[in-house]
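Heads up, the thing below is written out as structure tokens.
The values are calculated or read from the model by the stated rules, or taken from the named source; none is laboratory data. Predicted model, so just to flag it, every value in this text is computed and none were measured. Cβ: placed from backbone, ideal geometry, glycine included. Neighbour counts: every protein chain shown.
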Amino acid sequence: QKTTMLSRHRQVVRAFLPVRRVTGTPIQNANLKNVPFYLGARRFSSLPDHEVVGLPALSPTMEAGTIGTWHVVAGDSFEAGDVIAEVETDKATMGFEAQDPGVVAKILVDAGTEVKVGAPVLVIVDESDDTSALVSTFAGFAPDQAESAPAAAPATPAPTPVSAPAPAPTPTPSPTAAPAPVVSTSGRVFASPFARKLAMEKGFDISQIVPTGPRNRVVAADVNSFTPQPVTSSPHAEAPPLSSSPLSATPSVSSSPMFGSDFTDYPVSEQSREIAARMTKAKQDIPHYYLTVDIELKSLLDTRSKLNATLSEDNQISVNDMFIKAAALSMKTVPAVNSSWMDTVVRSFTRCDINVVVGSGDNAQAPLIKDVGAKGLKAISDEMRDVVETLSESSAQPYIAGTFTMVNLGMYGVGSAAPIVTSPQAAVLALGSIEDKVLPNENANGDDEGELIYRIAPCVTATCSFDHRVVDGAVGAQWLAAFKKLIENPMTMLL
């Protein structure tokens with residue numbers, strides 16, 4: 001019976017999961033590579049034959065998740081492949097998919113509630129002729145935690161069922177008009193986790209892909225058949241507004257802090273808690289080491305001035321844009337840094353996608369600039385400008401990990417910093433403020449008594465943190481040397 005259940009309820013997200021240990025009944029002796037979505041066993045009692053669904057681990061580091069939105073209510077039927085709910089994990093927002101058709105008997109957890117992995121969230125049955133009677137029958141149902149979830153997951157009280165209606169499907173576009181992606185009333189494009197992963201790997205904007213899956217969902221076949229159209233206007237012009245998505249919006253810090261006799265407690269947003277958890281785990285699990293180098297900027301600043309002289313005031317190239325370009329080109333010289341630790345293998349990427357940290361506090365984000373090495377300085381500058389403007393006008397968007405991260409703290413007057421490497425990346429670069437420093441005058445030969453043997457030049461301190469499992473010390477030094485060479489000889493970026 002265990003084998004039958006496992007073969008029937010395959011886990012949709014196993015492509016994202018390593019083999020993990022699951023304890024407790026009824027799957028303690030099962031093949032751990034196929035841990036099912038439905039952690040609860042079938043019930044044989046006075047209630048109809050049913051199953052209790054536990055929250056699965058959607059990422060290797062996930063210990064808990066927040067139910068962002070339920071797409072079903074008690075009494076709704078669903079088909080295989082339908083997204084039952086959106087779950088905010090410690091990495092991103094992912095869809096909770098159904099592997100087989102069924103009917104929702106009861107929802108145990110309200111939207112917006114944080115749930116431990118394995119805790120019951122849903123009760124389903126195979127079919128029902130009278131959904132009203134089904135909902136009434138399970139109204140007082142409370143799952144037996146010892147049987148419905150792994151032993152390590154604590155029991156949680158069953159809240160009242162969610163009463164919010166499911167979003168209405170958007171009508172299919174007319175065949176005579178240019179097809180457009182179908183989004184929910186909240187502005188979010190629904191897609192399977194595998195389709196999202198496939199779109200990210202191919203560099204596609206999933207909001208531009210026309211869905212053909214159940215309930216207007218983007219599936220893998222849609223991504224494989226998608227052909228990007230040439231961009232004729234700003235890439236943000238037709239994208240759904242980021243602020244309209246309740247799943248990607250950053251919860252604002254409460255305006256009602258709690259005051260004590262000699263202290264004040266300020267609530268922490270969900271995004272800040274996720275970032276804190278991710279940083280803590282990264283610092284504990286990744287063997288960091290740090291390399292620092294001072295880089296002269298005189299040539300780079302001169303080159304920037306010449307380039308900006310040909311551009312309008314609204315389209316000026318920043319020093320940070322040139323740093324981003326140099327970092328991507330350094331990956332071509334030392335490709336080992338553009339890699340990721342995968343437990344049993346080291347995966348090396350052919351394309352450099354860079355997360356650029358902007359903002360601070362609850363407003364800190366790391367938008368992704370894709371395939372930086374293939375873009376010119378003007379394209380990088382335009383994309384960064386669009387990203388910053390979009391973030392300033394809307395709420396946060398889900399974090400998408402690239403292959404490298406950069407953070408520039410120069411605006412805060414910081415000389416240098418040693419940032420934390422976060423998985424799946426193997427390196428992160430921090431840049432300090434630009435300061436005038438005394439350097440040896442290499443052109444001085446000592447024959448002229450009036451010739452200065454020292455000179456003053458603008459410099460920046462660059463510190464790169466590396467994952468020692470992926471990048472050896474000598475390799476890290478080679479990458480930083482390549483980065484310095486490009487910055488001090490910026491014309492080589494054009495080669």
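Data overview
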{"read-out": "Count of residues meeting criterion [crowded, with 21+ Cβ neighbours inside 10 Å and touching an Asp or Glu at 6+ places or on another chain (Cβ under 7 Å)] in the range 67-81", "value": "2"}
{"read-out": "Residues of the range 326-351 satisfying the condition of being part of a loop (DSSP other than H, G, I, E, B) and touching an Asp or Glu at 6+ places or on another chain (Cβ under 7 Å)", "value": "Arg351"}
{"read-out": "The range 99-120: number of residues that are assigned to a strand (DSSP E or B) and within 24 Å of the chain's Cα centre (by Cα)", "value": "3"}
{"read-out": "Selection status of Leu311, over 22 Å from the mean Cα position of the chain (by Cα), surrounded by fewer than 17 Cβ atoms within 10 Å (Cβ to Cβ) and part of a loop (DSSP other than H, G, I, E, B)", "value": "yes"}
{"read-out": "Among residues of the range 476-495, those that are over 17 Å from Ser299 (Cα atoms) and crowded, with 17+ Cβ neighbours inside 10 Å, counted", "value": "4"}
{"read-out": "Options Ile295, Ile354, Ile317; residue that is buried (at least 20 other Cβ atoms within 10 Å of the Cβ), in contact with a Gly (Cβ under 8 Å, 6 or more places away or on another chain), under 21 Å from Leu431 (Cβ atoms) and modelled with pLDDT of 90 or more", "value": "Ile354"}
{"read-out": "Filter pass, Lys306 being touching a strand residue (DSSP E or B) at 6+ places or on another chain (Cβ under 7 Å) and over 30 Å from Asp467 (Cα atoms)", "value": "no"}
